1. With 26 Å as the limit, write out which pairs from K61/K95; K274/K304; K106/K137 have Cα-Cα distances beyond it, or answer none.
2. For region 258-324, what is the Kirkwood estimate of the hydrodynamic radius, computed as the reciprocal of the mean inverse distance between distinct Cα atoms, to one decimal in Å?
3. Mind listing the phi-derived Karplus ³J(HN,Hα) values for region 68-82, rounded to whole Hz, using 6.51, -1.76 and 1.60 with θ = phi - 60°, and x for any glycine or proline?
4. Stokes-Einstein D for region 156-247 at 25 °C, 0.890 mPa s, Kirkwood Rh over Cα pairs, in µm²/s?
5. Is it possible to state the helix-based mean residue ellipticity at 222 nm for the chain, with each DSSP H run of 4+ residues giving -39500 (n - 2.57), the sum divided by total residues, to the nearest 500 deg cm²/dmol? What is it?
6. Of all trypsin sites (Lys or Arg not before Pro) in region 141-214, which ones are in loop regions per DSSP and have a Cβ with at most 11 other Cβ atoms within 10 Å?
7. Check cross-link reach from K402 to the lysines: straight Cα distance under 25 Å, and skip same-chain residues fewer than eight apart.
8. Calculated from the structure, mean projected area of the Cα convex hull in nm² equals which of (i) 42.4; (ii) 31.9; (iii) 29.5?
Amino acid sequence: MSEINKKDIIGLLETIAVYLELKDENPFKISAYRKAAAALERDNRSIADIDDYTQIKGIGKGTAAVIHDYLENEESETLQQLEEEIPAGLIPLLKLPGLGGKKLSKLYQELGITDRESLQRAAEDGRVESLEGFGKKSVEKLLQSLKESGKRPERLPLATMVPVADKIESHLDMINAIVKYSRAGSMRRMRETIKDIDYIIATESPEEVRDELLNLPDVKEVISNGLAKVSITIADVYDINVDFRIVEEKEFATTLHHFTGSKDHNVSMRQLAKTRGEKINEYGVDIEETGETLTFNTETDFFKHFGLHYIPPQARENTGEIKAFQDPQGLIEEKDIRGDLHMHSTWSDGGQSIEEMVIRARQKGYDYIAITDHSKYLRVANGLNEARLREQRKEIERLNAKYDDIHIFAGVEMDILPDGTLDFTDDFLKELDFVIGAIHSAFNQSKEQIMKRLNTAMDNPYVSLIAHPTGRLIGRRQGYEADVNQLIERAAKTGTALELNANPNRLDLSSEWVSLAQQKNVPIAINTDAHSYQMLEHMTYGVGTAIKGWQKPENVLNTWPLEQLQSFINNKK
């Protein structure tokens with residue numbers, strides 16, 4: 001079954017428009033694709049509910065045919081043809097700040113720019129500056145952007161690494177000689193940024209596994225190809241090093257612990273072993289008195305040997321876990337999650353209809369979800385005004401009547417405006433089941449202005465949750481200047497929950513802050529902020545960050561039974 005959703009089609013139409021712009025095509029043709037994308041964005045329905053795209057104002061026969069081709073074949077002949085006509089090196093340049101389709105088209109058409117190298121030469125020798133629309137300052141900024149974009153950061157965001165790891169694992173799953181495998185290193189500990197990707201593989205046929213690993217797709221370089229370790233470089237957006245440790249099955253648990261780390265955690269574990277007359281190495285535990293080497297079936301057995309309960313990988317950072325886990329800690333697990341309280345539908349900028357999101361949530365076994373489309377201020381996301389939210393509520397009431405195994409909250413992700421006011425009046429907010437407050441604009445305001453905005457939302461009796469409270473995007477945007485200590489204190493006083501946004505681009509709040517929130521008795525909601533089916537699976541990363549912050553399930557809003565959650569919302573009101 002195809003996983004194509006409305007956002008995918010909108011993205012396709014916008015991409016075709018950009019390619020046509022690069023070709024310097026007829027402006028009316030370019031505009032037709034942009035108008036079709038905008039028209040589809042405004043339509044509340046999912047693609048499953050649309051029979052005739054030409055009936056949507058703004059979509060003509062030509063663009064409708066492109067949509068049908070994409071839906072039928074899961075690829076677009078129109079886009080494929082354009083990709084053949086446009087130099088591949090041009091497309092990455094669109095990511096440079098200030099360089100949109102029109103400007104890049106000018107560079108391509110008039111100066112023959114086809115990649116970053118030809119752009120840099122033309123910028124340095126004065127040809128770019130001589131073009132209309134490019135001044136000295138814009139060229140200086142362009143050169144600086146080229147310089148910065150060419151560097152591979154030492155550590156990459158988790159969100160960059162996850163798709164690479166997923167792709168690798170789809171191939172590992174097909175290697176019959178692999179008995180089992182696991183991620184290791186900082187990726188398994190779910191650090192926000194990662195240097196490279198590590199795997200531990202158990203097998204009885206190391207030569208066969210090694211040969212298969214060397215034939216993985218996108219291998220740019222083989223660094224080492226031994227029977228115990230294979231190291232390769234994968235070509236992706238950045239070059240990414242991947243290390244595979246190959247061991248016997250009996251050694252798997254100890255090797256996995258050793259290469260999961262952190263370094264300081266391992267040092268503390270070795271110190272604990274030393275007090276018992278033992279030595280930990282990557283293949284087992286040596287008993288000094290007898291010379292015997294112990295191996296373990298699981299990491300749980302490994303920790304039990306040292307009188308410890310299982311320490312989740314995310315908590316292995318030498319922050320007191322070895323002493324603490326002498327007793328069970330009862331940290332949150334993904335199975336504790338009963339629902340997701342922040343998601344979007346086709347009514348704003350989501351890829352699926354409300355009912356489609358409901359069905360997928362039911363498949364995940366959730367007891368409840370909140371539909372929280374954007375509010376009217378966020379026009380770029382097709383935000384909903386009062387009339388559309390009331391209309392949406394009727395649809396949610398219909399679905400609540402249809403499905404008796406899940407409760408759907410009629411909510412909104414409401415903008416906290418730059419002037420410190422909220423996007424809706426209290427008289428309207430009281431009509432909603434669940435209100436999220438969020439900042440999406442004026443990130444450059446002072447700390448005082450930002451906190452005034454956040455405080456206004458928390459002080460409001462109808463705002464139950466503050467979404468992605470610092471606004472950061474890991475490795476891409478620091479976010480606005482929020483005083484998180486003050487935020488947590490105010491949340492405690494006002495009975496407002498704070499979000500741990502599970503999107504691996506955000507993980508906002510970070511593990512350190514959710515730990516402090518727990519100490520201050522401020523509830524956390526772990527939400528995916530899903531704009532499509534696939535993003536509902538990001539719950540894994542949110543829970544991983546919560547574990548890193550030592551969260552107990554009782555402090556997480558969406559582990560509560562429905563009645564307790566409703567009581568929390570009503571008490572705030």
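1. K61/K95
2. Numbers: mean 1/r = 0.0823 Å⁻¹.
About 12.1 Å, per the Kirkwood formula over Cα pairs.
3. Residue by residue, region 68-82 yields 4, 4, 5, 5, 6, 10, 6, 7, 10, 5, 4, 5, 4, 5, 5 Hz.
4. In µm²/s, the coefficient is 187.
5. Calculated mean residue ellipticity at 222 nm is -12000 deg cm²/dmol.
6. Values: sites: K141, K147, K151, R155, K167, K180, R183, R188, R189, R191, K195, R210; in loops: K151, R155, R189, R191, K195.
Those satisfying the criteria are K151.
7. K6, K364, K394, K430
8. Read-out taken from this structure: (iii).
Throughout, read-outs are computed from the coordinates displayed, never taken from laboratory work. If you're wondering where the values come from, they're calculated on a predicted model, not measured in any experiment. A quick note on method: Cβ atoms are made from the backbone with ideal geometry, for glycine too, and the neighbour counts reach across all protein chains shown.
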